[in-house]
Amino acid sequence: MKICFATLSDAANASQDGKTNILGIFQRLYTQSVPATHGTMVLTIMFRITEVSDLHPQEIHIVINDPDGDELFNNSLPYEPDATIKIGMVHSYFLIFSSFLLPKFGDYTIHIQAGNEFTSVPLSVVPFAP
């Protein structure tokens, strides 16, 4: 399994015809004060299925670190491709965070591990200046 793409957005889904729809991609959130809560945040990860073992249930490990390196989230989540997924196809995985607490200003990192693949997604929380 190869991670092709990962991003944060306000919303994301897969259409019936296999397209990945992503709305409101962001890497920066503005807020007047911290701690702040972000209503809905979707982590979209797109994988290319590269071998037969990718067609079987696996885990995706996600760790979110705050600007000081402290873990805000650390979990292994199930990935179960359906029977329509074949080798060579790209498949989307969506993780929805609701009311996610961002305790301080600064640069956060979302670390993603799927099999032997690693990537990260940045998120900056910055003061809103009117």
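Tabulated data for the structure shown
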quantity	calculated
Conditions (1) surrounded by fewer than 17 Cβ atoms within 10 Å (Cβ to Cβ); (2) under 19 Å from residue 5 (Cβ atoms); (3) among the aliphatic types (A, V, I, L, M): number failed by residue 83	(2)
Residues located in region 7-32, provided they are touching a residue at least 60 places away in the same chain (Cβ under 8 Å) and hydroxyl-bearing (Ser, Thr, Tyr)	7, 20, 30, 31
Conditions (1) surrounded by 14 or more Cβ atoms within 10 Å (Cβ to Cβ); (2) touching a His at 6+ places or on another chain (Cβ under 7 Å); number of the one not met by residue 76	(1)
Test: residue 20 is in contact with a Lys or Arg (Cβ under 9 Å, 6 or more places away or on another chain) and either closer than 19 Å to residue 114 by Cα or of a type in the set (Ser, Thr, Tyr) (or both)	no
Residue match in region 95-108 (condition: more than 25 Å from residue 40 (Cβ to Cβ) and of a type outside the set (D, E, K, R))	no
Criterion (in a loop (DSSP other than H, G, I, E, B) and within 21 Å of residue 16 (Cβ to Cβ)) met by exactly one of 85, 96	85
Condition check for residue 126: touching a Leu at 6+ places or on another chain (Cβ under 8 Å), part of a strand (DSSP E or B) and closer than 15 Å to residue 8 by Cβ	yes
Residue satisfying all of: in region 87-104; over 21 Å from residue 3 (Cβ atoms) and surrounded by 15 or more Cβ atoms within 10 Å (Cβ to Cβ); nearest to the chain's Cα centre (by Cα) among these	100
Residues being more than 11 Å from residue 114 (Cβ to Cβ) and modelled with pLDDT of 90 or more - total across region 68-88	11
Qualifying residue in region 106-117 (condition: touching a helix residue (DSSP H, G or I) at 6+ places or on another chain (Cβ under 9 Å) and part of a loop (DSSP other than H, G, I, E, B))	yes
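The values are calculated or read from the model by the stated rules, or taken from the named source; none is laboratory data. Here the structure is a predicted model, which is why all the values come from computation and not from measurement. Using ideal geometry, Cβ is built from the backbone for each residue, glycine included, and neighbour counts are taken over all protein chains shown.
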